[in-house]
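Colleague: Questions regarding the structure given below will be posed in turn.
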Amino acid sequence: MSVRFSVIIPAFNAAATLARAIESVRAQSWPAHEIIVVDDGSTDATAEIARQYGAAVRLIQQPNSGVSVARNAGAAAATGDWLAFLDADDWYVVDRIKLHAEWIDADPTLDFLTGDYEYRDAAGHLLGTSMAQHASGRMLLGQAAGSTRCVMASPQQIEAFVADHFGDTHTLSVPRSRFVELGGYPTGFKVCEDVHFLTRLVATSRRIGVICQSLGVYVIHDGSATRRDPVAAQRENVRTLSDLVRRAENFPSPVRQGVAERMVSARYNLGCALSKSGQRIAAVNAVLPAVLAQPGWQSLRSLLSMLRG
């Protein structure tokens, strides 16, 4: 097993779910080189649970600084050649690492890899799968035609992926050297930091490996930040993407166009959240830059649809 994976689990007050996440890594058919848990200033028993695994889990503790800082700290401490990430409330399927590692061994020209995953609620009920719910994912599933592996490389695929990506942080496998070169996850953002890093990674990549089957489970919580305060979450989303738009001036054209499309969607989502909260004027102001960027009947219909709720 020549490919060594360091799995990084950022955790904040995750005592209720951390053991499940760790056990899913320990159960991998291709063993992880190391498991690193970064306790981001938890006030519950998160650290104690990680310590129960002894030498099998490396624990790093830091003051509460946010998930990006935690992931970056884990990457800085990692000794594997490849990095994989897992949030403390999610889990891997048993072949998650193997499906990527075997392909990396067979094709060293892949810049990074991703794949499909399942959405489940807190009770474990299956809600859907990522690739089937995103246009970019359906495009790749059609190309794969039943195969497990598919390479994403065409400008059309790249643009669609950046505009509305499938996969998630826990399906991403990236060489540690590339992660360090790109500066890791951006700090100072509370929402969409994963999209920020992923887009910068795509902008410097030519061949992206996609596994067209589930690599893990993403748990959807009723009490997530987006559901608790949708206006604040969507404002933060637009703020993060605004920084990405600025950087995208130097990205390849398909990536730059994908970022622009993603920003249009983000502004529309912010407008909808504002409109539903009764802030109609603020909603129009939020969407107006997107309408001006892409004038036409479609933009006007979207604006009217938003105001109708």
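The values are calculated or read from the model by the stated rules, or taken from the named source; none is laboratory data. In this text, all values refer to a predicted model and were calculated from it rather than measured experimentally. Here Cβ is always computed from backbone atoms with ideal geometry, including for glycine, and neighbour counts include all displayed protein chains. Side chains included, ligands, DNA and RNA excluded: accessible areas come from the protein's heavy atoms. Shrake-Rupley method; radii C 1.70, N 1.55, O 1.52, S 1.80 Å.
Colleague: Roughly what angle does helix 193-203 make with the longest principal axis of the chain, taking Cα atoms, 0 to 90 degrees, to the nearest 10?
Modeller: Tilt of helix 193-203: around 90 degrees.
Colleague: Mind checking the angle between helix 297-308 and the chain's longest principal axis? C-alpha axes, 0 to 90 degrees, to the nearest 10.
Modeller: It is inclined by approximately 80 degrees.
Colleague: Could you check how many percent of all C-alpha pairs in the range 110-218 are farther apart than 20 Å?
Modeller: 39
Colleague: Where Lys and Arg each count +1 and Asp and Glu each count -1, what net charge lies around G74 among other residues with Cβ under 13 Å from its Cβ?
Modeller: Neighbourhood net charge equals -1.
Colleague: Roll a 1.4 angstrom probe over the protein heavy atoms and tell me the percent of accessible area of the chain that is carbon or sulfur.
Modeller: Whole-percent figure for carbon plus sulfur exposure: 53.
Colleague: With every atom except the alpha carbons ignored, what do you get for Rg and Dmax of the range 1-136, in angstroms?
Modeller: Just the Cα atoms of the range 1-136 yield Rg and Dmax of 15.2, 44 Å.
Colleague: Once the whole set of protein chains is in place, how much accessible area is left on K98, using a 1.4 Å probe, in Å² to the nearest 10?
Modeller: 70
Colleague: So what's the angle, to the nearest 10 degrees on a 0 to 90 scale, between helix 230-247 and the longest Cα principal axis of the chain?
Modeller: For helix 230-247, the angle is close to 90 degrees.
Colleague: Could you order T109, T114 by accessible surface area, starting with the largest, using a probe radius of 1.4 Å?
Modeller: In descending accessible area the options line up as T109, T114.
Colleague: So how much accessible area does R51 have, in Å² to the nearest 10, using a 1.4 Å probe?
Modeller: Its heavy atoms expose roughly 120 Å² to the probe.
Colleague: Now, a different point. What does the charge count near A101 come to, summing +1 for each Lys or Arg and -1 for each Asp or Glu among other residues with Cβ under 12 Å from its Cβ?
Modeller: -2
Colleague: With N residues in the chain, what two-decimal value do you get for its Cα radius of gyration over 2.2 N^0.38 Å?
Modeller: Here the Cα radius of gyration is 1.00 times the empirical estimate.
Colleague: Follow-up question, since we're still on this one. Just how much of S6 is accessible, in Å², when a 1.4 Å probe is used and the result is rounded to the nearest 10?
Modeller: Estimated to the nearest 10 Å², S6 gives 0 Å².
Colleague: Please calculate how many Å² of accessible area the range 233-309 carries per residue, with a 1.4 Å probe and no DNA, RNA or ligand atoms counted.
Modeller: Averaged over the residues of the range 233-309, the accessible area is 56 Å².
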